[in-house]
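The values are calculated or read from the model by the stated rules, or taken from the named source; none is laboratory data. Since the model is a prediction, treat every value here as computed from it, not as a measurement. No Cβ is skipped: glycine too gets one built from the backbone with ideal geometry, and neighbour counts run over all protein chains shown.
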Amino acid sequence: MDFDMLGLKPRLIEALAEMGIKDPTPIQKQAIPPALDGRDVMGLAQTGTGKTAAFGLPLVQHILAEDARPKPRQARALILAPTRELVNQIGDSLTSFIQGSHLKVARVVGGIGINPQIRKMERGVDLLVATPGRLIDLMDRGAVDLSGTSFLVLDEADQMLDMGFIHALRKIAAKLTGPRQTLLFSATMPKDMEALAATYLDRPVRVQVATSGQTADKIDQSIHFIAKAEKPGLLLDLLRAHEGEAALIFARTKHGSDRLAKQLTNAGVKAVAIHGNRSQGQRMRALEAFTDGSAKVMVATDVAARGLDIPVVKHVYNYELPNVPETYVHRIGRTARAGREGAAISLCAPDEMSELKDIEKVIKGQIPIASGRRWMPSEEEAKPKQQRGGGGRRGGGGGRPGGRAGGGRPQGAKPQGAKPQGAKPGGGNRRRRPRKPA
């Protein structure tokens, strides 16, 4: 099926051809026709499958057909996305679609000066792409009027829920007082997403090309079971094994991302870091260095896990497993984009086994083991005090079998049943275990 069979006008098909896009993806085949018919659409698809064109092309065609001009401070169409990077990517795609037309695209994101964005909105725009937080700022200042907005797109809607934007979404949607067409796209469909769809969509057409938790077929997944203290050395070895190929590494915290990027650079692997504490300029410079190849490694928090389309990414590393299991799918979806092949490598320490088990429930299978062996319950590192039995006191009941009674234990794996280092005889009513033969 070609794009012309989907109902797109020749000028849009020509714009796609100039971008090197000839054949529609499955999500585009299913979503574009009902969107062109004016129906609300709820789309579920893996990352990297062309969701931006699936909503962007019908949007542009509708607005071109109306042949009207936006009023001051108004936007004819509003596209909401959770991160600055995704807003910029959507904006770039829409700008390519409207080449040669009179349409105007504006981007509204935090992290940069608000006054230029206010001035941009003074004359009105046709397509406004925004993060919810900064859009609320502009609305509160009277710089944006959504009463004339007749198209609303929620992209990566599940991440917006995860990031706590539900109240912002309600406030924004309440300002769209006229009739509108709503398109919602997401990589996963948790239960609260169904409630969101029921609130904002009117009898939507549901299109789905992936089940929740499904990963791209061409991603080669693997996992290494390794002590936390040994992760940096293994990571360096793995990176050097494919030196020259772009790798995206995910860490849990902003500070951890900076620290890891510095460690890698000091070891001779040029790395940049990207996370929420970086300014917009710093984030853009890091992305540019990564995409142009001057830095082959980018260390990121989950701010980069969704929506980013960086074709050069060949390897994704989960240096630390995510706390939210669905995030694993989004992270590894940064590779094998648009039918390419890629690899997703995870490093699992003993105290990350619960995260791994949750991830494997979501993806409905075990990740193939590259090295080590799955940690046994007795080898998992001690949990925080408030999660332990016996109040965390030495000599009390509730110590983990094979671990130090109530206290911490050194980093790294211990064979099942091995004697903990530094363990003292139990007190109180605790019974000593007999020592095993050497």
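A few points about this structure:
- Filter result (of a type outside the set (Ser, Thr, Tyr) and crowded, with 16+ Cβ neighbours inside 10 Å) within segment 253-275: LYS254, GLY256, ASP258, LEU260, ALA261, LEU264, VAL269, ALA271, VAL272, ALA273, ILE274, HIS275
- Given (1) within 24 Å of PRO325 (Cα to Cα); (2) under 23 Å from the mean Cα position of the chain (by Cα), index of the condition ALA229 fails: (2)
- For the condition at pLDDT 95 or above and surrounded by 16 or more Cβ atoms within 10 Å (Cβ to Cβ), GLU352 qualifies.
- Scanning segment 279-302 for residues that are surrounded by 22 or more Cβ atoms within 10 Å (Cβ to Cβ) and modelled with pLDDT under 85 returns a single hit, ARG283.
- Qualifying residue in segment 14-25 (condition: within 23 Å of VAL125 (Cβ to Cβ), in contact with a strand residue (DSSP E or B) (Cβ under 8 Å, 6 or more places away or on another chain) and surrounded by fewer than 23 Cβ atoms within 10 Å (Cβ to Cβ)): no
- Selection status of THR215, farther than 28 Å from GLY276 by Cα and either in a loop (DSSP other than H, G, I, E, B) or modelled with pLDDT of 95 or more (or both): no
- Residues of segment 14-63 that turn out to be at pLDDT 90 or above, over 14 Å from ASP2 (Cα atoms) and β-branched (Val, Ile, Thr), as a count: 4
- Just so you know, in segment 33-51 the residues that are over 24 Å from the mean Cα position of the chain (by Cα) and part of a helix (DSSP H, G or I) include one that is surrounded by the most Cβ atoms within 10 Å (Cβ to Cβ), and it is ALA35.
- Matching residues in segment 191-209 - criterion: being among the aliphatic types (A, V, I, L, M), closer than 14 Å to ALA35 by Cα and crowded, with 18+ Cβ neighbours inside 10 Å: LEU201, VAL207
- Tally of residues being touching a residue at least 24 places away in the same chain (Cβ under 8 Å) and on the phi > 0 side of the Ramachandran plot across segment 56-76: 1
- As for segment 377-387, it holds no residue that is touching a Leu at 6+ places or on another chain (Cβ under 9 Å) and at pLDDT 75 or above.
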